[in-house]
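The values are calculated or read from the model by the stated rules, or taken from the named source; none is laboratory data. Just so you know, these numbers come straight off a predicted model, no measurement behind them. No Cβ is skipped: glycine too gets one built from the backbone with ideal geometry, and neighbour counts run over all protein chains shown.
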Amino acid sequence: MLSSNLNTLDALALCRAFPRVCHVEFYSVWVLPAFFGSCEGIDGLQSPADYWKSLETAVFGRFGPDIWLALPIRENSDFVRWLITRQDLRPLRVRFEDGYFTDEDVESFCRLYEILREYCVVELNHVTLRHDSVLSKSAGSRLQLCAPVFKYSPLDDIGTLTGGAPE
């Protein structure tokens with residue numbers, strides 16, 4: 001398992017130094033626990049990212065499924081738990097870019113997508129499901145599936161991909 005030298009105290013110092021951050025991008029999921037994990041007892045905050053009161057967008061690039069899809073997702077993901085605690089604030093825009101999932105990961109990814117939709121605006125950009133299909137979704141648009149057997153076609157929901165048809 002890969003690890004990061006960034007710990008919660010480092011993330012806390014960074015978030016304190018830049019409290020007006022509006023946009024963050026993470027290209028290593030291994031730093032997420034440092035920013036979104038618990039730091040109880042420090043200034044009454046739940047996590048270092050709580051200093052970012054102006055945060056509007058979080059981008060996660062080249063993410064691996066192992067850290068996001070550990071079941072149960074609500075309990076095992078520091079980021080999801082953090083989103084739940086800030087649900088009374090303006091919804092965060094969360095974008096996943098260049099993600100790749102195998103056949104075994106698709107169901108868990110669909111569950112993650114459903115959970116995130118409850119707490120934020122989800123955007124997908126070049127998220128690969130299986131070897132031959134790509135999902136994309138920007139804010140205000142419908143989910144797009146690109147696969148060799150399909151042309152770009154909007155889908156009402158990711159449920160369509162897992163067997164549920166839109167009504």
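In summary, Asn76 fulfils each of the numbered conditions (1) in contact with a Pro (Cβ under 9 Å, 6 or more places away or on another chain); (2) surrounded by fewer than 15 Cβ atoms within 10 Å (Cβ to Cβ); (3) within 16 Å of Val31 (Cα to Cα) with the single exception of condition (1). Taken together, the criteria exclude Val106 from residues that are closer than 22 Å to Gln46 by Cβ and either of a type in the set (Lys, Arg) or touching a residue at least 24 places away in the same chain (Cβ under 8 Å) (or both).
The residue pairs whose first member lies in region 11-26 and is β-branched (Val, Ile, Thr), whose second member is assigned to a strand (DSSP E or B), and whose beta carbons are closer than 9 Å, counting only pairs six or more residues apart or on different chains, are Val24/Thr57; Val24/Ala58; Val24/Val59.
What are the residues in region 96-110 that are closer than 20 Å to His23 by Cβ and surrounded by fewer than 19 Cβ atoms within 10 Å (Cβ to Cβ), if any? Of everything in region 96-110, those that are closer than 20 Å to His23 by Cβ and surrounded by fewer than 19 Cβ atoms within 10 Å (Cβ to Cβ) turn out to be Glu97, Asp98.
Output the number of residues of region 111-126 satisfying the condition of being closer than 15 Å to Gly99 by Cα, crowded, with 18+ Cβ neighbours inside 10 Å and not hydroxyl-bearing (Ser, Thr, Tyr). Summing the residues that are closer than 15 Å to Gly99 by Cα, crowded, with 18+ Cβ neighbours inside 10 Å and not hydroxyl-bearing (Ser, Thr, Tyr) in region 111-126 gives 4.
Every residue in region 84-94 that is modelled with pLDDT of 90 or more and touching a Ser or Thr at 6+ places or on another chain (Cβ under 9 Å), please. Hits for region 84-94 are Leu92, Arg93, Val94.
Selection of region 73-102 for residues being touching a residue at least 24 places away in the same chain (Cβ under 8 Å), assigned to a helix (DSSP H, G or I) and not basic (Lys, Arg) yields Ile73, Asp78, Phe79, Val80, Trp82, Leu83, Ile84, Thr85. For Val134, state whether it is modelled with pLDDT under 75 and either in a helix (DSSP H, G or I) or touching a His at 6+ places or on another chain (Cβ under 8 Å) (or both). Answer is yes for this residue.
For region 22-45, the criterion of a residue being at pLDDT 90 or above and of a type in the set (D, E, K, R) is satisfied by at least one position.
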